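Q: Below are the structure tokens for one structure; questions will follow.
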Amino acid sequence: MLKEGDAAPDLRLPTDSGEPFRLSAHRGKKVVLYFYPKADTPGCTTEACEFRDLSAQIAAKGAVIVGISPDQVKAQAKFKEKYELPFTLLADADRAAAEAYGVWKEKNMYGRKVMGIERTTFVIDEKGRIARIFPKVKAKGHAAAVLAAL
């Protein structure tokens, strides 16, 4: 289980445009890495749009926003375009990143046990270390809490 102060596992995933993304390429900047269950669903849309609306303020604090879910590149691209999201979305289709960050978990959905993403945000500092973890996030109001923590 990752904890604050740990080195953030490096990511090598395709972006919403299909380009390769490496987390380590962003050393020197803070990264707000938020994991969400599925593109274009109500909670995930709320969270993404709140990050969109605060993206300039987050950038002013020296941070970049990166969203990540198990969706395919095409679904991420459609979600980004539909809601005019000004930040990178990553496609973690094989869930390797979700597993590395410990957010692929058993969840209770309508009384059934299912595996899925536990909505979690990691703030990674300029040196690639986890500065803050927001576990079991509620979508509404979360972006403002992240901004306040920066």
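The values are calculated or read from the model by the stated rules, or taken from the named source; none is laboratory data. Please read these numbers as outputs of a predicted model, since none were measured by experiment. All Cβ positions, glycine included, derive from the backbone under ideal geometry; neighbour counts span all protein chains shown.
Q: Would you check which residues across segment 105-150 are in contact (Cβ under 8 Å) with a residue 12 or more places away in the chain and among the hydroxyl-bearing types (S, T, Y) and list them?
A: Selection gives T120, T121.
Q: So which residues in segment 12-29 are surrounded by 16 or more Cβ atoms within 10 Å (Cβ to Cβ) and not in a loop (DSSP other than H, G, I, E, B), if there are any at all?
A: Those that are surrounded by 16 or more Cβ atoms within 10 Å (Cβ to Cβ) and not in a loop (DSSP other than H, G, I, E, B): L13, P14, T15, F21, L23, H26.
Q: Hey, can you tell me all the residues within segment 72-98 that are among the charged types (D, E, K, R), within 18 Å of L23 (Cβ to Cβ) and in contact with a helix residue (DSSP H, G or I) (Cβ under 8 Å, 6 or more places away or on another chain)?
A: The answer is D92, and nothing else.
Q: Out of all the residues in segment 91-119, which are in contact with a Phe, Trp or Tyr (Cβ under 7 Å, 6 or more places away or on another chain) and buried (at least 21 other Cβ atoms within 10 Å of the Cβ)?
A: At the first step, the residues of segment 91-119 found to be in contact with a Phe, Trp or Tyr (Cβ under 7 Å, 6 or more places away or on another chain) are 95, 98, 101, 103, 115, 117, 119.
A98, Y101, V103, I117, R119, listed by residue number.
Q: Any idea which residue in segment 63-72 is farthest from A145 (Cα to Cα), counting only those that are among the β-branched types (V, I, T) and either crowded, with 20+ Cβ neighbours inside 10 Å or modelled with pLDDT under 95 (or both)?
A: The initial filter retains those residues of segment 63-72 that are among the β-branched types (V, I, T), namely 64-66, 68.
Going one step further and asking which of them are either crowded, with 20+ Cβ neighbours inside 10 Å or modelled with pLDDT under 95 (or both), we end up with 65-66, 68.
On the way: I65: 14, V66: 16, I68: 19 Å.
Result: I68.
Q: Shifting gears a bit: Take the residues in segment 30-41 that are touching a residue at least 12 places away in the same chain (Cβ under 8 Å) and more than 15 Å from R132 (Cβ to Cβ); name whichever of them is surrounded by the fewest Cβ atoms within 10 Å (Cβ to Cβ).
A: So the residue we want is D40.
Q: For the list (1) in contact with a Ser or Thr (Cβ under 7 Å, 6 or more places away or on another chain); (2) closer than 20 Å to L147 by Cβ; (3) part of a helix (DSSP H, G or I), I need the number of the one condition that A77 fails.
A: (2)
Q: Sticking with this structure for a sec: Residue under question is G128, and the condition is that it be small (G, A, S) and at pLDDT below 95; does it hold?
A: no
Q: Got at least one residue in segment 3-11 being outside any strand (DSSP E or B), among the hydrophobic types (A, V, I, L, M, F, W, C) and out of contact with any Lys or Arg (no Cβ under 6 Å at 6 or more places or on another chain)?
A: Within segment 3-11, the subset outside any strand (DSSP E or B) is 3-6, 8-11.
Filter once more, keeping what is among the hydrophobic types (A, V, I, L, M, F, W, C): 8, 11.
With the extra rule that they be out of contact with any Lys or Arg (no Cβ under 6 Å at 6 or more places or on another chain), the set shrinks to 8, 11.
So far as segment 3-11 goes, yes, one or more of its residues are outside any strand (DSSP E or B), among the hydrophobic types (A, V, I, L, M, F, W, C) and out of contact with any Lys or Arg (no Cβ under 6 Å at 6 or more places or on another chain).
Q: Specify which of the listed residues (A75, A97, A60) is over 22 Å from K140 (Cβ atoms), at pLDDT 95 or above and within 13 Å of the chain's Cα centre (by Cα).
A: On inspection, the qualifying residue turns out to be A97.
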